[in-house]
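For reference, the structure is listed below as structure tokens.
The values are calculated or read from the model by the stated rules, or taken from the named source; none is laboratory data. Just so it is clear, the structure is predicted and the values come from calculations on it, not from any experiment. Cβ atoms come from the backbone with ideal geometry, glycine included; neighbour counts cover every protein chain shown. The area values use the complete protein model at the heavy-atom level, side chains included, leaving out ligands, DNA and RNA. Shrake-Rupley method; radii C 1.70, N 1.55, O 1.52, S 1.80 Å.
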Amino acid sequence: MRIAQIILRVISMPLKSPFHTHLGSVTEREGIIVEVIDSNGISGYGEGVAFSTPWYTEETVATSLHIMSDVLIPLLKKRPIKHPEDAAILFQSIRRNHMAKAGLEMAIWDLYAKRNSTSLSNVIGGTRSEIASGVVVAADSLISSLNQIEKYLEEGYRRFKIKINPNQDYAVLAEIRRYYPELPIMADANSAYTLNDMDRLKALDDFNLLMIEQPLASDDIIEHALLQNEINTPICLDESIVGFNDAKNAIELGSCKIINIKAGRVGGLYEAKRIHDYCLDRGIEVWCGGMIEFGISRAHNIALASLPGFTIPGDISASNRFWEEDIITPEVCVKNGFVSVPSTPGIGFSINEKRLQETTRFKKAFKFENK
Ligand code: OSB
Ligand code: MG
């Protein structure tokens, strides 16, 4: 696989409606679109999913851009690769910066699949032709949460994730349950609690939640195990799992019963697949998390979620959940609560060039010398 050029673009797009968590609100999404072009002119695409500020993990658009431009692309120039896994392994010599690594690694996976005229799902071992679709409700009031649920229910979504925190948990969930006693709902706390909140968290057992995602801090791996012993609701870890070893440790310690896998958070598809395979062997359920992403990352998520261990509907919503117009064509659609997995080469979606151009704020090309 001969890389001829890599193009990095920073794009920016307003969300259709603000995304609220206890850590703040997202109204405008910046992201990095990675294009890796081989010597035959075939392009593979990836997406750097860090946010503008480090509210979710420590990476940002600026740190990702720096690590890609000044560290990872120079590494790729020095060491030619034959397979996307070679890139993942090459990047292991660099500490952390998982989202920066993933943006490049995933573009290389797309390119590899396209060069082999097969789908990305097929290349990574996907077994599903469609995926059950879930959606996140990240509203700032009860009424707006209920309105969003009603709307998304009509659109066919099969799982509803509600953002919670100590000021907005029991009462909100009780009200939602009053209207929707059987709805498949889960809660995501993004580390809003500590073990001092044990009673609050125990009380949430009243609501038959599918799971509670990341109740405690990302490094509270032992505290999560203590909490899981006290509550019936399964704990799912998100921010705590940034690589294979975190997954292994969490499972060993009993810190969670479910893992949310985001390829961006763990450094790419190679690491995501390792975590998936390990969980599948041990009967730990996994699902694919979202990052308020654009179509390219969403397309990668669809391929990832087609692996056999992804048994719970993920944050795989339609393009129109967040965007007026996405950067891919066709856009991701949810029909009867399912998204279909493309069987065409690579990620299976094309770039909406006009939309990409009008949202691009920065662009830089890195030419490779091929002798
Ligand atoms: O904690 O899962 C999270 C969005 C951005 C950053 C972190 C998280 C989220 C979501 C889901 O909850 C977003 C989505 O559906 O894309
Ligand atoms: Mg989460």
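Lys16 exposes around 100 Å² of accessible area when a 1.4 Å probe is run over every protein chain in place.
Distance from the alpha carbon centroid of region 125-163 to that of region 169-208 works out to 16 angstrom. Which of Asn122, Asn196, Asn301 ends up with the largest GNM mean-square fluctuation for the chain, with Cα atoms connected below 10 Å? Result: Asn196 has the largest fluctuation of those listed. Each of Met186, Val339, Ile149 was scored by the projection of its Cα onto the charge dipole of the chain, and the greatest displacement toward the positive side belongs to Val339; charges sit on the C-beta of Lys, Arg, Asp and Glu. For the chain, averaging the sequence separation of C-alpha pairs within contact (under 8 Å, six or more residues apart) and dividing by the residue count gives a relative contact order of 23 percent. With springs only between Cα atoms under 10 Å apart, run a GNM on the chain and tell me which of Pro184, Pro84, Pro313 wobbles the most. Among Pro184, Pro84, Pro313, the largest GNM mean-square fluctuation belongs to Pro184. Using the Cα gyration tensor of region 122-340, with a ≥ b ≥ c the square roots of its eigenvalues, what is the shape: rounded (a/c below 1.5), prolate (a/b larger than b/c) or oblate (neither)? Because a/c hits 1.5 or more and a/b fails to exceed b/c, region 122-340 counts as oblate.
Taking every protein chain into account, the accessible area of the chain amounts to 40 square angstrom per residue (probe 1.4 Å). Ordering Gly309, Thr21, Ile124 by the projection of their Cα atoms onto the charge dipole of the chain, which places +1 on the Cβ of Lys and Arg and -1 on the Cβ of Asp and Glu, puts Ile124 at the extreme positive end. Here is the tail figure for region 15-148: Cα pairs spaced more than 20 Å apart come to 57 percent of all pairs.
Think of each Lys and Arg Cβ as +1 and each Asp and Glu Cβ as -1; about the Cα centre, that makes the dipole of region 235-371 roughly 380 debye.
Translational diffusion of the chain was estimated from the Stokes-Einstein equation, with Rh taken as the Kirkwood radius over Cα pairs; at 10 °C and 1.306 mPa s the coefficient is 77 µm²/s. Among the listed pairs Lys101/Lys367; Lys101/Lys262; Lys273/Lys363; Lys78/Lys364; Lys16/Lys161; Lys77/Lys363, a Cα-Cα separation exceeding 22 Å is found for Lys273/Lys363.
Across region 277-330, how large is the tail of the calculated P(r) beyond 16 Å, expressed as a percent of all Cα pairs? Every Cα pair in region 277-330 considered, those over 16 Å come to 44 percent. Atom-type composition of the exposed protein surface of the chain places 48 percent of the accessible area on carbon and sulfur (1.4 angstrom probe). For region 335-371 versus region 17-84, the inter-centroid distance based on Cα atoms is 13 Å. Rg/Rh, computed from the Cα trace of region 88-230 with Rh as the Kirkwood radius, has the value 1.07.
Local charge for Phe349 was computed over the other residues whose Cβ lies under 11 Å away, with Lys and Arg +1 and Asp and Glu -1, and equals -2. Computed over region 305-371, the convex hull of the alpha-carbon atoms projects to a mean area of 7.7 nm². Taking a sphere under 9 Å around the Cβ of Ile185 and counting the other residues whose Cβ falls inside, with K and R at +1 and D and E at -1, yields a net charge of +3.
Report the local net charge at Tyr170: Lys and Arg +1, Asp and Glu -1, summed over other residues whose C-beta lies under 15 Å from its C-beta. Net charge around Tyr170: -1. Note on the chain: with a GNM built from Cα contacts shorter than 10 Å, the maximum mean-square fluctuation among Arg178, Arg96, Arg115 falls on Arg178.
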